Amino acid sequence: MKPFRIIIIAMVFIAMTGVVLADRNVPATPEIQGISTSTSISAQGTVTETDSLAWTSASNGSTQTSQAIGAPLADSQVQYTTGYNSAYSGVSGQTTYVKSMAVSTGNHFADGSNVAANTNVQFIAIDAGRATNSEDLLLDGVGNSTDTASAILCPFATSTSTVIPPYCNIIEAGSSFDSTLTSTVTSASDRFVGTDSSYPVTLNYKVASEGITLSDGTSSPMIGSASAYVKAHIQEARNSSTTKSEDLTYSETSTASGLISSFGKSIAYQSGFNLI
């Protein structure tokens, strides 16, 4: 009897657009920073990699003054927090590990990202070796109401409302694996800094795991376990009212264990407001 193999492919798209207005971008601070790294490792033995990011940015309020980060928001103020964490460990095996990481605190528009991480890892155990990996990306945005015109650059644009209501939206996505043989690729990115809120706030996450073609020409499925998830909590008001008009929670988790031929998940989140 042939061994049982698991194939999982999932796609998730969460969009907050339309009549209920949503996230608006936070403008960049006067001084902007960029951090980029590139890692490439091919080794037999033990390989580890850890990455951690925590970043909070707040705008001015309607009076051009800003409350301290963590304090109650001023009128028309918006604040975002993003966090990224990943940890890889490969012990007693052959690891090939390639990763790029980029953080930019400047304003970004379509196709741009404030945080972007791309990872490609292959592992083949020797004797009792194993590899583990975990990765998480979070985006948390809160804002008081403001007028729509001040958030859109195009003077000819109109929206379904003259006011962007208060909101409190949080989204988190990630994946993990525990394996003796795997080839896994992940990508994680978000965008929330900009001067034109006609471009929505976004978070994207993808993971794809499969087996490996060995040096003798034979192929093997991934051996071990894999998981991926998304969690979201969306809270919105209407107009300039602080009365909550929408409260949405969403969660999804995919898991597989054993001999895994294919494991994939694609997650896309965007939150903005409707232009007509």
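The values are calculated or read from the model by the stated rules, or taken from the named source; none is laboratory data. What you are looking at is a predicted structure, and each value in this text was computed from that prediction instead of being measured. Cβ placement follows ideal geometry from the backbone for every residue including glycine, while neighbour counts extend to all protein chains displayed. All accessible areas refer to the heavy atoms of the entire protein, side chains included, with ligands and DNA or RNA removed. Shrake-Rupley method; radii C 1.70, N 1.55, O 1.52, S 1.80 Å.
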Give the peptides 209-222, 121-134 in descending order of average Cβ contacts within 10 Å, highest first. 121-134, 209-222
Which one of SER271, ALA226, THR243 is farthest out on the positive end of the charge dipole of the range 213-276, using unit charges on Cβ (Lys, Arg +1; Asp, Glu -1) and the Cα centre as origin? THR243
Based on the mean of other beta carbon atoms within 10 Å per residue, what is the order of 164-177, 239-252, most packed first? 164-177, 239-252
Find the accessible area per residue for the range 41-144; the probe is 1.4 Å, ligands and nucleic acids are left out, and the unit is Å². 45 Å²
Measure out, as a whole number of angstrom, how far apart the alpha-carbon centroids of the range 167-184 and the range 26-45 sit. 19 Å
Stretch gain in nm, segment ILE35-VAL98, where the contour uses 0.36 nm per residue and the Cα spacing is subtracted: 21.0 nm
Out-of-range pairs (alpha-carbon distance over 23 Å; input LYS99/LYS231; LYS206/LYS244; LYS206/LYS231): LYS99/LYS231; LYS206/LYS244
Rounded to the nearest 0.05, what FRET efficiency is calculated for GLU252 and ALA110 with R0 set to 30 Å and r the Cβ-Cβ distance? 0.65
Checked the range 169-276 with the C-alpha gyration tensor, a ≥ b ≥ c its square-rooted eigenvalues, rounded below a/c of 1.5, otherwise prolate if a/b is larger than b/c and oblate if not; verdict prolate
Of all accessible heavy-atom area on the range 199-248, the percent that carbon and sulfur account for (1.4 Å): 47 percent
Share of accessible surface on carbon and sulfur in the range 45-139, whole %, 1.4 Å probe and ligands ignored, is 50 percent
